[in-house]
1. Suppose we filter the stretch 189-214 for residues that are surrounded by fewer than 17 Cβ atoms within 10 Å (Cβ to Cβ), in contact with a Pro (Cβ under 9 Å, 6 or more places away or on another chain) and in contact (Cβ under 8 Å) with a residue 40 or more places away in the chain; how many remain?
2. Going by what's in this entry, would F147 be described as over 21 Å from Y280 (Cα atoms), at pLDDT below 70 and either surrounded by fewer than 18 Cβ atoms within 10 Å (Cβ to Cβ) or touching a strand residue (DSSP E or B) at 6+ places or on another chain (Cβ under 9 Å) (or both)?
3. Please enumerate the residues belonging to the stretch 251-285 that are surrounded by fewer than 14 Cβ atoms within 10 Å (Cβ to Cβ) and assigned to a strand (DSSP E or B).
4. So if I check each of L49, L82, which one is in a helix (DSSP H, G or I), at pLDDT 80 or above and either under 12 Å from the mean Cα position of the chain (by Cα) or crowded, with 19+ Cβ neighbours inside 10 Å (or both)?
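The values are calculated or read from the model by the stated rules, or taken from the named source; none is laboratory data. The structure displayed is predicted, hence computed values, not measured ones. Here Cβ is always computed from backbone atoms with ideal geometry, including for glycine, and neighbour counts include all displayed protein chains.
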Amino acid sequence: MHFMYNKNRERGEAMVLYADLLFFINFSMDYLILSIVSRGLHKGKRMVLCSFFGGIYGVLSVIFSVLNNPFFQFLIGAMMVLISYQPKTVLQFLKFYFLFLAVAFLIGGILYHILTNSGQGFVINGVFYFDFSIVQFILLFFCCWIFLTVGSKLYHRFYNNGIKNVKIRNQGKEIWLCALIDTGCQLHEPITGFPVMIAEYDEISEVLSEELQGFVGKTIVGPIPEPVYQVPFSTVKEGNGLMTAFRPEQITIVSENNQLVLNRVLVGIVKRKLSDDQSYTALLNPSMII
């Protein structure tokens, strides 16, 4: 979806395009789409980078008309999704990509309705040409932002209420996870009594020490090194076993209007996927939020 700004308002005048405004407009709309899709993923720096790239692409598409081909538009969208969200599986990529397209088409529909009813613009080959002033564009941008943000919040409140954003800090590093509050996850470390949340190894490996990574998925024979915990567990599929866990420096659970900061908790590590569609990559012990 591209946007062209026409400074001349009088009929019959040639269209004048300003590269700086063209870049700003496309950058802003790309960032709006990416930020709505990534709500809660905390990918700000990569989204700014991709929006900058999208702004450059918007300018180049005016110079090289071949770039307006739908093939290039979908290809650029796929690249922006890969860079912004770094999906770890094909299924996760497809989920983000189709959500990205859905938000883009929704914004496109809103703008098409406004342009065709206001008489201040038109659409040719999927490119929006408009005669709004820059102030009107900024107002329109924030109206779209508010509309989509409120819609996203309502969705998360009514359909995704059991999933929380969780920040884990360890060894001076921080990662963000989407965690499901699981009533079946009632693990506690028997000696300390600390509640245990469960997280996928691939998602948290960057905050683990090399020593701790070497113990994941293994049963330790003999004395257990200080930073490592072995938590007994029992499941129908796997039977009884010991789960490698560690105590992070801090865990922050983010809800709609508040944050819960904990440090007397453990994180158990599993080398398998917890969700088929990657909608969450960790399980929260309910006792952590009561």
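1. Adding up the residues that qualify gives 1.
2. No, not satisfied.
3. Passing the criteria: Q259, L260, V261.
4. Result of the check over L49, L82: L82.
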